[in-house]
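Visitor: Quick one: this structure, given as structure tokens, is what I'll be asking you about.
All of the numbers you see were taken from the coordinates with simple rules; none came from a lab. Being a predicted model, the structure only gives us computed values, none of them experimental. As a convention, Cβ positions derive from the backbone with ideal geometry for all residues, glycine included, and neighbour counts pool all protein chains shown.
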There are 2 protein chains.
Amino acid sequence: MSEYPVWVNGVPESFLPVSDRGLAYGDGLFETVRVAGGKPTLADYHWRRLQRSCHQLGIAVDIERLLEEVDAFLLDNRAGDGVLKVMITRGSGGRGYNPEGCLSSRRILSLHPLPSRSRDPGVHGARVKLCQMRLGRSALAGLKHLNRLEQVLARSEWQGDAYDEGLLCDFAGNLVEGTMSNLFVVTHEGALVTPDLSFHGVAGVCRDFIMEFARHRGMAVKVQSVPRGLDVAEVFLCNSVNGVWPVIEYEGREWEIGPLTVQIRDCVLEEFNA
Amino acid sequence: MSEYPVWVNGVPESFLPVSDRGLAYGDGLFETVRVAGGKPTLADYHWRRLQRSCHQLGIAVDIERLLEEVDAFLLDNRAGDGVLKVMITRGSGGRGYNPEGCLSSRRILSLHPLPSRSRDPGVHGARVKLCQMRLGRSALAGLKHLNRLEQVLARSEWQGDAYDEGLLCDFAGNLVEGTMSNLFVVTHEGALVTPDLSFHGVAGVCRDFIMEFARHRGMAVKVQSVPRGLDVAEVFLCNSVNGVWPVIEYEGREWEIGPLTVQIRDCVLEEFNA
């Protein structure tokens, strides 16, 4: 048995067939959802992205059924605060890479504790390194699919407490994102900027939420290149589990936690505690 | 139960834990080995690449033990002619992308029938299309890792019998490989050329075998760009299960099956029947 609750296709089950294409080819996608008081946070964003990704990969998923299952799963396992992982694979079948005839996608739900850290980078700021791993241009950019070896190897570039996150560049040397987070900067002119993810990276739901929040508040959000030198006024990272981490150290540079970062961080925190 | 024999870590078992990182992140690699008369073919090439890939991904594997297991697996299942798939995943554990502490890789062996085709492209020639999917530059180029969504989507671009394989370009528009095969061409000057896989694609073991064979015969093999127009004298595809497929049709162009292609095809066939 698994040490944490797992359901496969609606029933408690911690194993899946070796024939699953998620294993064979990373043929699937996932969402990592923060659960607060038993309820998924940023839920609309997660389910929208999940459906969009399924559509783009040609994986059929019954979203109504999935959401009913998620509710039942959280209820059944008396989820309070934690992390829900939803994986959708194309299931078993097809012939080699060819997925033809592979019509029963597999739904995998698991519930995990929130990451515990002795020092909360959301409060005290994150110390960040530049990873050697480069992200190549991908026709699958933006999707949170199961092909995540680049992130695994980038995250292997450091151990211990010296760094909270690593940043990744594309092959042109521009910053794309963190290993598990998206990047925002505030320029010296006060503009909020996040890298374009049309060709690289994962378009995180917390990034979407922040872009919408900022636009609602009348702030311009620019989607454009961010050179790795980071000559900017504020830097922060975000993801849907940790919220916003202000960056205070990066490759010899240091920042105070800036006012716009604080405003956005607290807005995401409110969303988590709503 | 699975419809074909599967062993996980040396015992008959067709399921594996949902926590396996091969599923979560494609954190592993595989080899697809043609089995003839119960024995793996191109075995040295496969095991060399497997060890190289494990090393590059930082996955520990006991190769002696794996090879003993492969022998026992093939014997136990009275393998005659077929396809052995060997998957090595990083196993379960780590924390998110971070694989630290994840020390027990998982060995998964499965045995499948040889692909059956009403018409053998090795004999009659392969009809090939150009796929829309582009292969991005990857820090993991060359490895046969488990992140294979690009191949799955490329292979989804056609169904039915009109094509035997699809070719993929990089974003610069040069040919890299097929969805499940490597590419060779013979130029009008008689040079054997295969695309450079330093930045894209999978370096197949049959490609390695052919390059060594050609060099032993005193032929020059050039590793260089192959423009997608394919203005060349001969074209063939290779992989370790199907051997060599002479290309006879591609995007409005046609070729006879050429003499060098035949020579190389028959040499690979001999290796399969050795």
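Visitor: List the distances, in nm and shortest first, from the label point of residue B:157 to the matching label points in every other copy, placing each point 7 Å from Cα along the Cα-to-Cβ direction.
Guide: Label-point distances to the other copies, shortest first: 3.1 nm.
Visitor: Work through the residues other than residue B:10 whose Cβ is under 15 Å from its Cβ and net out their charges, Lys, Arg +1 and Asp, Glu -1.
Guide: Charge balance in the 15 Å sphere: -4.
Visitor: Express as a percent, rounded to the nearest 5, the fraction of DSSP beta bridges in region B:119-274 (both residues included) that run antiparallel.
Guide: 60
Visitor: Something else: Summing -39500 (n - 2.57) over the DSSP H runs of n ≥ 4 in chain B and dividing by its residue number, what mean residue ellipticity at 222 nm do you reach, to the nearest 500 deg cm²/dmol?
Guide: After summing the helix terms and dividing by residue count, I get -8000 deg cm²/dmol.
Visitor: For the pair residue B:75/residue A:56, report the inter-label distance in nm, with labels modelled 7 Å from Cα in the Cβ direction.
Guide: Each label point is offset 7 Å from its Cα along the Cβ direction, giving 4.9 nm.
Visitor: A further question on this structure: With θ set to phi - 60° and the Karplus curve 6.51 cos²θ - 1.76 cosθ + 1.60, what are the ³J(HN,Hα) couplings of region A:246-255 in order, to the nearest whole Hz, using x for Gly and Pro?
Guide: For region A:246-255, the Karplus-derived couplings read x, 8, 10, 9, 7, 6, x, 9, 9, 9 Hz, x marking Gly and Pro.
Visitor: I need the inter-copy label distances for residue B:113: point set 7 Å along Cα to C-beta, values in nm with one decimal, smallest first.
Guide: Shortest to longest, the spacings are 5.1 nm.
Visitor: Additional query: Tell me, how many Å apart are the Cα centres for region B:67-114 and for region A:21-70?
Guide: Taking the Cα centre of region A:21-70 as reference, the centre of region B:67-114 is 29 Å away.
Visitor: Where both residues lie in the protein assembly as shown, what percent of DSSP beta bridges are antiparallel, nearest 5?
Guide: 80
Visitor: Which order do peptides A:267-274, A:131-138, A:99-106 fall in by mean Cβ count within 10 Å, highest first?
Guide: So the peptides A:267-274, A:131-138, A:99-106, ranked by packing, come out A:131-138, A:99-106, A:267-274.
Visitor: For residue B:95 and residue A:11, what does the FRET efficiency come to when R0 = 30 Å and r is the distance between their Cβ atoms, rounded to the nearest 0.05?
Guide: 0.65
Visitor: Once the Cα gyration tensor of region B:121-273 is found, what semi-axes does its equivalent ellipsoid get, as square roots of 5 times the eigenvalues, in whole Å, sorted largest first?
Guide: So the three semi-axes of region B:121-273 are 22, 18, 15 Å.
Visitor: Shifting gears a bit: Would you kindly derive the ³J(HN,Hα) couplings of region A:121-131 from the backbone phi angles with the Karplus curve 6.51 cos²θ - 1.76 cosθ + 1.60 (θ = phi - 60°), listing them in order in whole Hz, with x for Gly and Pro?
Guide: 3J(HN,Hα) across region A:121-131, in whole Hz: x, x, 8, 9, x, 9, 9, 10, 10, 8, 7.
Visitor: Round to the nearest 10 and give me the degree value, 0 to 90, for the angle of helix B:259-273's Cα axis relative to the longest principal axis of chain B.
Guide: The two axes meet at around 30 degrees.
Visitor: Also: Averaged over peptide B:98-107, how many Cβ atoms belonging to another chain are found within 10 Å of each residue's Cβ?
Guide: Counting other chains' Cβ atoms within 10 Å and averaging over B:98-107 gives 2.
Visitor: Here is a follow-up. If the elastic network links every pair of Cα atoms under 10 Å, which of B:108, B:63, B:210 fluctuates the most in the Gaussian network model of chain B?
Guide: Its mean-square fluctuation being the largest, the pick is B:63.
Visitor: Let me ask something else about it. Which value, in debye to the nearest 20, describes the size of the charge dipole of chain B about its Cα centre when Lys and Arg Cβ atoms bear +1, Asp and Glu Cβ atoms bear -1, and nothing else is charged?
Guide: So the dipole magnitude of chain B works out to roughly 560 debye.
Visitor: Determine, for the protein assembly as shown, the count of lysine pairs separated by eight or more sequence positions (or lying on different chains) whose alpha-carbon distance falls under 15 Å.
Guide: Count of close lysine pairs: 4.
Visitor: State the Cα centre-to-centre distance between region B:248-274 and region B:150-227 in whole Å.
Guide: If you average the Cα positions of each part, the centres end up 13 Å apart.
Visitor: Okay, next question. Over all distinct Cα pairs, what is the inverse of the mean 1/r for the protein assembly as shown, reported as the Kirkwood hydrodynamic radius in Å?
Guide: The answer is 24.7 Å.
Visitor: Which residue, A:50, A:16, A:168, tops the fluctuation ranking in a GNM of chain A built on C-alpha contacts under 10 Å?
Guide: Of A:50, A:16, A:168, the Gaussian network model singles out A:16 as fluctuating most.
Visitor: If you stretched the chain out fully between residue A:63 and residue A:251, how much longer would it get, using 0.36 nm times the residue separation minus the C-alpha to C-alpha distance?
Guide: So the chain would gain 63.4 nm between residue A:63 and residue A:251.
Visitor: If you project the alpha carbons of region B:89-132 onto their three principal axes, what span does each projection cover, largest first, in Å?
Guide: 51, 31, 11
Visitor: At q = 0.15 Å⁻¹, what base-10 log of I(q)/I(0) does the Debye formula yield for chain B when every alpha carbon is treated as an equal point scatterer in vacuo?
Guide: -1.18
Visitor: I would also like to ask the following. For the Cα atoms of chain A, what angle does the longest principal axis make with the long axis of helix A:63-76, in degrees from 0 to 90, nearest 10?
Guide: Once rounded, the angle reads 80 degrees.
Visitor: How far is helix B:43-57 tilted off the main Cα axis of chain B, in degrees rounded to 10, range 0 to 90?
Guide: Helix B:43-57 sits at roughly 70 degrees to that axis.
Visitor: More than 21 angstrom separation, counting every C-alpha pair in region A:6-112; what % is that?
Guide: So the portion of pairs separated by more than 21 Å is 32 percent.
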